[in-house]
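One structure is given below, encoded as structure tokens.
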Amino acid sequence: MKENHPTLRATLEMLLDSPVSRRVPMQRVVERECGHGRIERRELRCSAVLAGKTQFPGLQQIYRLERERLIKKTGKRTVEVEYGICSLSRKEAGPRTLLRLRRGEWKIENQSHHVRDVTYDEDHSPARCGSIPQVLAAFRNVAIGLMRSAGQRNIAAATRYYAARPWEALALIGLPATFK
């Protein structure tokens, strides 16, 4: 829940993160994880208290997700809190499932957007007019998808590999290589 729905966000904050929250029926899960030089703690609290009571007809649950990260080397600690709504009922998704689904969104970010940003330096592309940025992003997504379907895990290395062997790149899209 971003700031674009200030009334709903304020309601979520009041129900999930204030003294009022003690009266709200809630489910909770906490996960801890160590790795990559950091300690992470995630806590998700969810409630069905607003189901059917808002302008969002599919709203079944509300949640508060707190992410706390401690960098071991520096001791730097960061805390992020996000609020959200969900169309899955309690039976369909308890707090552990909601947390897993929420974390799954980062998989898309890491597999596509991050690769486009880092490997293809997309953020510094001079293409800025009309639909050119979207078309180029689509081409990059297709290239990444083709390389992943060919079993490539490191897209930067695969890009260099296929750049040096264009006939193999053509074979990825089913075109016969007529030159070598």
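Local charge sum around residue 24 (other residues, Cβ-Cβ under 13 Å, Lys/Arg +1, Asp/Glu -1)? Computed value for this residue: +4.
Taking every Cα-Cα distance in the chain and sorting them into 10 Å bins from zero, the calculated P(r) comes out as 8, 24, 23, 24, 14, 5, 1, 0 percent.
Largest to smallest in accessible area, the residues 63, 120 fall in the order 120, 63 (1.4 Å probe, all protein chains included). Ranking 21, 10, 88 by how far each Cα lies toward the positive end of the dipole of region 1-115 (charges on Cβ) leaves 21 at the top.
With only Lys, Arg, Asp and Glu charged, each at its Cβ (+1 for the first two, -1 for the last two), find how big the charge dipole of the chain is about the Cα centre; round to the nearest 20 debye.
Using Cβ point charges on Lys, Arg, Asp and Glu, the chain gives about 640 debye.
Ordered from highest to lowest accessible area with the whole protein assembly present and a 1.4 Å probe, 62, 71 read as 71, 62. For region 55-98, report the % of Cα-Cα distances exceeding 16 Å. Summing the P(r) of region 55-98 above 16 Å gives 53 percent of all pairs.
Note on residue 114: accessible area approximately 90 square angstrom, rounded to 10, probe 1.4 Å, nucleic acids and ligands left out. Residue 30 sits with roughly 40 Å² accessible to a 1.4 Å probe, with DNA, RNA and ligands left out of the calculation.
Only Cα pairs under 8 Å and at least 6 apart count here; give the relative contact order of region 38-80 as a rounded whole percent. Please report the intermediate quantities before stating the final value.
Numbers: 67 pairs, mean separation 17.8, N = 43.
Across region 38-80, relative contact order equals 41 percent.
Centre-to-centre, using Cα atoms only, region 1-62 and region 126-180 are separated by 40 Å.
The values are calculated or read from the model by the stated rules, or taken from the named source; none is laboratory data. What you see is a predicted model; the values in this text were computed from it and never measured. Cβ: placed from backbone, ideal geometry, glycine included. Neighbour counts: every protein chain shown. Keep in mind that these areas ignore ligands, DNA and RNA; they rest on the heavy atoms of the full protein, side chains included. Shrake-Rupley method; radii C 1.70, N 1.55, O 1.52, S 1.80 Å.
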